[in-house]
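The values are calculated or read from the model by the stated rules, or taken from the named source; none is laboratory data. None of these values were measured; they are calculated from a predicted model. For neighbour counting, all protein chains shown are included, and Cβ atoms are generated from backbone atoms with ideal geometry for every residue, glycine included. For accessibility, only protein heavy atoms count, side chains too; no ligands or nucleic acids. Shrake-Rupley method; radii C 1.70, N 1.55, O 1.52, S 1.80 Å.
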Amino acid sequence: MFDFFMSAITALNDNVLWGVPMVVLMLGSGVFLLFVTRGVVFSRFNVVMRYTTKTLFQRADPSGAERADPSGAGEGTISPFQAVCTALAATLGTGNIVGVALAVATGGPGSIFWLWLSALAGMVIKFCEVTLSVAYRTRNERGEIVGGPMYYISCGLGKTWLAMLFAAFGFLASFGIGASVQANSLAGSVNATFGVPLPVIGAIVALLAGLVLIGGITRIAQITEKLVPFAAIFYLLGAAAVLVVNAGEIPAAIAQIFRDAFTGTAATGGFLGATVMYACRVGMSRGVFTHEAGMGSAPIAHASADTDHPARQGLWGTFEVFFDTIVMCTITGLVIITSGLWHADPMMSEGAMSSAAFGQSIPGGQYIVTVGLMLFAFATLIAWYYYGEKCVEYLFRKSRAQRAAVRVYQVAYVAMVFAGCVTNLDVVWEFADCFNGLMAIPNLIALIALSPVIRRLAADFFRDPDRRRPRDTDYSGMLTFRDK
């Protein structure tokens with residue numbers, strides 16, 4: 001029975017959720033929104049990088065609100081940098097290490113090209129979904145600022161049933177992409193490197209996660225703004241050292257990525273069907289898994305940001321995809337391809353492949369992968385808890401049992417973190433892919449339907465991106481409200 005169920009999930013992923021329909025929907029949405037926004041994400045990419053990199057070095061006060069320009073601090077719970085660190089915590093996870101290795105091993109080097117393509121579309125999509133999330137954010141029953149696709153779907157489109165569908169998919173996805181996958185990869189890596197028993201790892205990680213989660217978005221943001229930059233710098237320095245050693249192989253690796261994207265290559269012994277379509281499917285699904293553009297998850301964190309204009313926070317969404325996929329995933333892909341291990345041993349796991357690719361080039365390189373996975377995975381699972389919690393809150397928003405539902409979810413999530421440490425990775429990945437795809441469908445529909453709102457907000461912001469708007473600036477005139 002279980003084998004039949006898994007076969008059905010795999011078929012759904014291969015043929016629908018991550019087959020031609022999703023590729024067309026994802027890339028088509030990106031191209032459509034590119035025209036809607038007149039390509040400002042790329043034509044004004046200097047504005048994106050100038051604002052985001054400048055903000056990286058601004059100090060925030062204890063409350064988390066930026067004070068670089070008092071007149072421009074919009075209403076929010078956390079700073080824009082904390083918001084993007086929380087969102088990056090969810091995206092900079094096992095997808096950057098294990099996910100990329102899985103893509104190359106099963107889809108060949110050409111899958112990296114399709115991963116890049118999904119990132120280019122994702123930069124536009126995430127700008128749009130973050131912008132809408134901030135524009136339609138509101139306060140919950142406890143006075144906290146909340147937002148996300150469920151709010152711009154219900155308020156902007158008036159489709160409460162579609163918003164609830166997204167929230168339900170997001171709630172279920174958090175157990176896969178958030179808890180199980182991250183815990184599984186973390187535990188497997190630590191067990192393989194240091195020999196610590198899986199149940200012990202699971203107990204420790206679940207305890208640490210629980211201590212962080214009870215503090216809500218403020219504590220999660222405080223942890224991620226320290227953990228994410230350190231983890232990213234640590235991993236990038238290690239990967240750069242590997243690529244310096246393998247510098248002579250980089251041109252051939254890049255050429256193979258472009259060549260195999262359109263010709264196909266036999267991966268891991270040739271038994272996994274490395275056709276062009278398969279490489280496209282793997283690259284797209286792994287790309288969305290790591291940068292999450294189109295899924296609607298990251299906007300839930302961005303909605304809490306203290307910013308003066310919805311589109312200004314949208315810049316962080318673009319930067320997030322660029323850094324996560326174009327930078328981090330590309331570097332991991334090059335490390336694996338230049339090592340030659342991607343087709344050397346069909347029985348090698350993806351985590352072991354990444355570790356071996358680092359270890360064979362520099363002494364102790366395998367520890368870089370282990371530590372990187374530990375930090376990224378932990379950051380991801382605490383960030384995804386917040387996404388799941390907000391989805392549960394929305395589902396029970398008119399119920400007296402809302403707080404009880406959140407508490408039950410909290411316990412279930414921590415339990416799933418523990419369970420993920422001893423779960424078969426293939427099963428976890430299939431479920432994660434399934435709910436990732438299901439989340440994306442209602443979100444992308446909403447982005448297309450609300451494209452006039454996106455166009456107005458983007459045009460208003462890029463007319464003078466350096467001007468800070470007063471705190472009480474009202475953007476409601478640019479929005480569409482069909483369900484107040």
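Within the range 217-230, is there a residue that is touching a Pro at 6+ places or on another chain (Cβ under 8 Å), free of Cβ contacts under 8 Å to residues at least 40 places away in the same chain and not in a loop (DSSP other than H, G, I, E, B)? No, that holds for no residue. Those residues that are open to solvent by 10 Å² or more (accessible area, probe 1.4 Å) and in contact with a Phe, Trp or Tyr (Cβ under 9 Å, 6 or more places away or on another chain), I need them from the range 89-133; list them, please. Within the range 89-133, 102, 106, 113, 120 meet the criteria. Considering only residues that are surrounded by 12 or more Cβ atoms within 10 Å (Cβ to Cβ) and basic (Lys, Arg), which ones fall in the range 454-484? Result: 455, 456, 468, 469, 471. Checking every residue in the range 57-65 against the condition of being in a strand (DSSP E or B) and either open to solvent by 20 Å² or more (accessible area, probe 1.4 Å) or at pLDDT below 75 (or both) gives at least one match.
Of all residues in the range 183-215, count the ones that are among the aliphatic types (A, V, I, L, M) and closer than 14 Å to residue 410 by Cα. Number satisfying all stated conditions: 8. When we screen 406, 422, 414, 428 for residues that are touching a residue at least 60 places away in the same chain (Cβ under 8 Å) and open to solvent by less than 30 Å² (accessible area, probe 1.4 Å), the only hit is 428. Applying the condition of being open to solvent by less than 30 Å² (accessible area, probe 1.4 Å) and more than 20 Å from residue 300 (Cβ to Cβ) to the range 363-390 and asking which residue is farthest from the chain's Cα centre (by Cα) yields 365. Taken over the range 177-224, the criterion of being in contact with a Ser or Thr (Cβ under 6 Å, 6 or more places away or on another chain) and farther than 20 Å from residue 88 by Cα is satisfied by 189, 193.
Remark: residue 178 matches the filter, which requires a residue to be touching a helix residue (DSSP H, G or I) at 6+ places or on another chain (Cβ under 9 Å), of a type outside the set (Asp, Glu) and open to solvent by less than 10 Å² (accessible area, probe 1.4 Å).
Listed conditions (1) of a type outside the set (Ser, Thr, Tyr); (2) within 21 Å of the chain's Cα centre (by Cα); (3) at pLDDT below 85 are all met by residue 34, apart from (3). Scanning the range 228-242 for residues that are open to solvent by less than 30 Å² (accessible area, probe 1.4 Å) and under 16 Å from the mean Cα position of the chain (by Cα) yields 228, 231, 232.
Listed conditions (1) among the hydrophobic types (A, V, I, L, M, F, W, C); (2) open to solvent by 10 Å² or more (accessible area, probe 1.4 Å); (3) modelled with pLDDT under 85; (4) assigned to a helix (DSSP H, G or I) are all met by residue 83, apart from (2).
Each residue in the range 28-43 was checked for being in contact (Cβ under 8 Å) with a residue 40 or more places away in the chain, open to solvent by less than 40 Å² (accessible area, probe 1.4 Å) and assigned to a helix (DSSP H, G or I), and 6 pass. Considering 450, 444, 457, 479, the condition of being of a type in the set (A, V, I, L, M) and within 19 Å of the chain's Cα centre (by Cα) is satisfied by 444 alone. Is one or more of the residues making up the range 160-167 under 18 Å from the mean Cα position of the chain (by Cα), buried (at least 23 other Cβ atoms within 10 Å of the Cβ) and of a type outside the set (Ser, Thr, Tyr)? Yes: the range 160-167 contains one or more residues that are under 18 Å from the mean Cα position of the chain (by Cα), buried (at least 23 other Cβ atoms within 10 Å of the Cβ) and of a type outside the set (Ser, Thr, Tyr).
Within the range 6-24, residues that are more than 18 Å from residue 107 (Cα to Cα) and open to solvent by 20 Å² or more (accessible area, probe 1.4 Å) sit with their Cβ atoms under 9 Å from residues that are polar (S, T, N, Q) and modelled with pLDDT under 80, at 6+ positions apart or across chains, in these pairs: 21/15.
Table: residues versus (1) more than 15 Å from residue 376 (Cα to Cα); (2) open to solvent by 80 Å² or more (accessible area, probe 1.4 Å); (3) hydrophobic (A, V, I, L, M, F, W, C).
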position: 192; (1), (2), (3): yes, yes, yes
position: 195; (1), (2), (3): yes, no, no
position: 205; (1), (2), (3): no, no, yes
position: 217; (1), (2), (3): yes, no, yes
position: 220; (1), (2), (3): no, no, yes
